[in-house]
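Every read-out reported here was derived from the displayed coordinates using simple, explicitly stated rules and does not represent laboratory data. None of these values were measured; they are calculated from a predicted model. Glycine gets a Cβ as well: all are built from the backbone with ideal geometry, and neighbour counts include every protein chain shown.
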Amino acid sequence: MTSADHISPATHLLLNPANSSVISHIILGSRSPRRRDLLSAAVGAERIVCLPPVSSEEAGFRNLRHDADIRERLLQITHAKHLDVSAQIASRTTLNPHCPPVVVVADTTVVAGPHDGHREVLGQPDPTLHGSDVREWFLHLLSGKIHHVLTAVLVSRGTQLLSQIVTTEVEFLPLTERQIDWYVATGEPSGKAGGYAIQGLAAAFVKRVSGSLTCVIGLPLLETLQLIHDISHPQ
């Protein structure tokens, strides 16, 4: 069975360039090149306008240890991004108010730890720590263990809004301190949730992925395309 067999008819429509009327204009509220590349590959780069949030300030996950609290905070962050991008769109007089664009925003985080109530959220590494936080994450929370990557996606058009959280389970191979030190020294962990890029050198550490690989990269593509279709074709 090929991957195409798992794609819904709605998503086939989105992936077909001949159906350009389905999504003529998408604003991606993100500064992530990985999200831009994923969405551009699916719907065409010519349809994507990147409009990142002005503010980089985000509510954190400090002291959150339960999965439900972490998911709620992830949605709050995504909604805040959407409000920021929507305010920018409203100030643009060149946009047609009778034909609002589709807006896509997302946020990704990595959750590790043994069970609910003792969870650890691994965000982007602190640049002032020069990789020491990433080293600790790998040593105690990632190496030889299972962790979860959560990406919240919010899609809007006009006053309509849809959102979804996608979760992928990732298991790393047991790693030596030498391997971890090498990876930290590459600089790849910088700016990456959980301190690694599964599409990069960290792919060598992965034993198993259960769920959406693109969720780990930063944008669960199948689910995002379905949300775009649903908001473009309201029932």
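Overview of values
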item	result
Range in the chain, longest, excluding exposed trypsin sites (Lys or Arg not before Pro) [loop by DSSP; at most 13 other beta-carbon atoms within 10 Å]	93-235
Contour excess over end-to-end distance, with Cα ends at Leu75 and Ala41 and 0.36 nm allotted per residue	9.7 nm
For the range 98-235, Kirkwood radius (reciprocal of mean inverse C-alpha pair distance, Å)	16.1
Cα long-axis angle, helix 221-232 against the chain (0 to 90 degrees, to the nearest 10)	30
For the chain: relative contact order, % (alpha-carbon pairs under 8 angstrom, 6 or more apart)	21
Candidate aspartates and glutamates - alpha carbon under 20 Å from Lys145, same-chain residues fewer than 8 apart omitted	Asp67, Asp116, Glu120, Asp133, Glu136, Glu169, Glu171, Glu177, Asp181
Cα long-axis angle, helix 33-43 against the chain (0 to 90 degrees, to the nearest 10)	40
For the chain, calculated [θ]222 nm from helices alone, where every DSSP H run of n ≥ 4 adds -39500 (n - 2.57)	-9500 deg cm²/dmol
The chain, Cα convex hull volume normalised per residue, Å³	138
Cα centroid separation - the range 63-89 against the range 195-215, whole Å	24
Candidate lysines - alpha carbon under 27 Å from Lys81, same-chain residues fewer than 8 apart omitted	Lys192
Segment Glu169-Leu139, extension gain: residue separation times 0.36 nm, minus the distance between their alpha carbons	9.0 nm
Burial ordering of Cys215, Cys50, Cys99, fewest other beta-carbon atoms within 10 Å first	Cys99, Cys50, Cys215
Label-point gap, in nm, between Ser132 and Ala59 - each point 7 angstrom along Cα→Cβ	3.1
